[in-house]
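Worksheet: the structure to be examined is printed underneath.
The values are calculated or read from the model by the stated rules, or taken from the named source; none is laboratory data. Given the structure is predicted, the values throughout are model-derived calculations rather than measurements. Positions of Cβ are generated from backbone atoms using ideal geometry, with glycine treated the same way; all protein chains shown enter the neighbour counts. Each accessible area value is taken on the protein alone, full model and side chains, heavy atoms only, with ligands, DNA and RNA left out. Shrake-Rupley method; radii C 1.70, N 1.55, O 1.52, S 1.80 Å.
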Amino acid sequence: MAVCLNSERATSLIIERAGRLVDRLIVQRGHDKPPFPSEEYARLLGIKRIEKTDLGEASAVLLKLHDGDIIKVNATHAPVRQNFSCAHEIGHILLSELRLEPSLEEIEFRTFNPQAQRIARARARERLCDAAATELLMPEMVFKKYLSGSGVSINSIERLANIFRVSVQAAAIRIAEASAEPCIALLWLSRPGNKSKALRLAWHVGPGNKSTGKANYAPVHTLVRHTSTLYRAYQGETPVKSWKLFRFGTATKRCPMESRGFGREERRYVISLAFPDR
Ligand SMILES: [Zn+2]
C-alpha cells in the first residue's frame, strides 16, 4: 500500500531522500564540489545506461526492464535540460522507493471524477520529482554556500547555472528558494514574433509554499509594454534595475527588481529577481 500524505510532507520526504543520495555521492567522490551530474547518480543507483535519443515531445522516460533500469533522454534538448530531465527520472525511482502517493487535499476543486483525480495525482507526482531533481543537481547546502559567495543578484544566475550545469531558469528558481533574504524570481516571455512588443509573465517563484510552488508575492501587473524600463532588459545585454508592485495577501508593496535578458531571437526571455525587504 502506498502512503498518502499532504504535499508539504511528501515534498520534505522526497527532498530528504534525494539529500541522502547526494550525501552518498559526496562520500564516494570525497568532495562536494559542483557539478552533480545526473549520470553520477544513475551510476550510484545501478541504472544500466542513459540513452540519448529523439523522443519527440517527451523530455525523458524511465524504462524498468527485467535486467535493470534504463533512462532515455531527448537528445534534441539542450545538455542542461537533458541533465534535469534525467535527474527528474531518478526522482521517479526515489519516489517509488518511498511508496508515496500525494494526497488530493490541496487540489482547488474537490472532485469525485476519477479521471480528474488521476490527472491531479500525476501532476503532484511530477512536482515531487522536480523537487528531487532540484536537490540532486543543486543540493541546498552546497548551493547556499556558492550563492553566499557570489551574492543574491541577477549577475549570479548565469555563473551558478554554469557551475551546477543547470539551465538559467532552474538556477533562478533555486536562488529564490535558497536565498536567506526574501527573493522572488520571475520569468517574462514574448509572444512568437513579438508583434505586440510586450512581455508576459510566465511564472514567479517564492518566498512561499515550496510544496505547491505558489509564491506569497504576486506581481500586480503581468504584462510588460515596450515603453517600460523592464523591456530594456529584453532589448539589451546589460542588467536593468526597476521597481515592481507586488501583492501579498490584501496588501501591495513596491519592490526593487533586477532584470536581464537571456537567449537569442525567438528564444529570448527575461529573468527578474525582486527583493521585498530591500
Ligand atoms: Zn515525470
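The alpha carbon gyration tensor of segment 142-278 gives principal lengths a ≥ b ≥ c with a/c of 1.5 or higher and a/b no greater than b/c, which makes the shape oblate. Rounded to the nearest 10 square angstrom, LYS33 shows an accessible area of 120 square angstrom against a 1.4 Å probe.
Strictly over 30 Å apart at the Cα level, which of LYS144/LYS241; LYS145/LYS241; LYS72/LYS145 would you flag in this model? Going by Cα-Cα distance, LYS72/LYS145 fall outside the 30 Å limit.
Segment GLU237..SER148, full-extension length gain: 29.6 nm, with 0.36 nm per residue of separation and the alpha-carbon distance subtracted. Of the whole protein surface, ARG99 contributes about 130 Å² of accessible area at a 1.4 Å probe radius. For LEU230, no residue whose modelled amide H falls within less than 5 Å of its own remains once neighbours fewer than 5 places apart on the same chain are excluded.
Distance between the 7 Å Cα→Cβ label points at ASN162 and GLU126: 3.2 nm. Each residue, THR222 and ARG20, gets one label point 7 Å from its Cα in the Cβ direction; the gap between the two is 3.9 nm. Extension gain for LYS197-GLU8 works out to 64.1 nm (0.36 nm per residue, less the C-alpha to C-alpha distance). Just to verify a number: FRET efficiency for GLN115 and LYS48, C-beta to C-beta distance, R0 = 45 Å, to 0.05? Between GLN115 and LYS48 the formula returns 0.85. Of the GluC sites (Glu not before Pro) found in segment 1-63, the ones in coil according to DSSP and having at most 12 other Cβ atoms within 10 Å of their Cβ are GLU57.
Looking only at chymotrypsin sites (Phe, Trp or Tyr not before Pro) in DSSP loops with at most 13 other Cβ atoms within 10 Å, what is the longest site-free stretch of the chain? The reported range is 113-278. In terms of Cα atoms, the Rg and Dmax of the chain work out to 19.5, 60 Å. The candidates VAL240, VAL80, arranged from most to least accessible area with a 1.4 Å probe in the full protein assembly, appear as VAL80, VAL240. Derived scalar couplings between HN and Hα for segment 244-252 equal 9, 8, 10, 9, 9, x, 9, 9, 10 Hz in order, rounded to whole Hz, by the Karplus curve 6.51 cos²θ - 1.76 cosθ + 1.60 (θ = phi - 60°), x for Gly and Pro. With a Förster radius of 45 Å applied to the beta-carbon distance between ARG99 and ARG29, the computed FRET efficiency rounds to 0.95. With a Förster radius of 45 Å applied to the C-beta separation of LEU63 and ALA180, the computed FRET efficiency comes to 0.65. Annotation: the antiparallel percentage among DSSP beta bridges lying fully within the chain is about 85. Accessible surface for ILE70 stands near 10 Å², nearest 10, in the context of the full protein assembly shown (1.4 Å probe).
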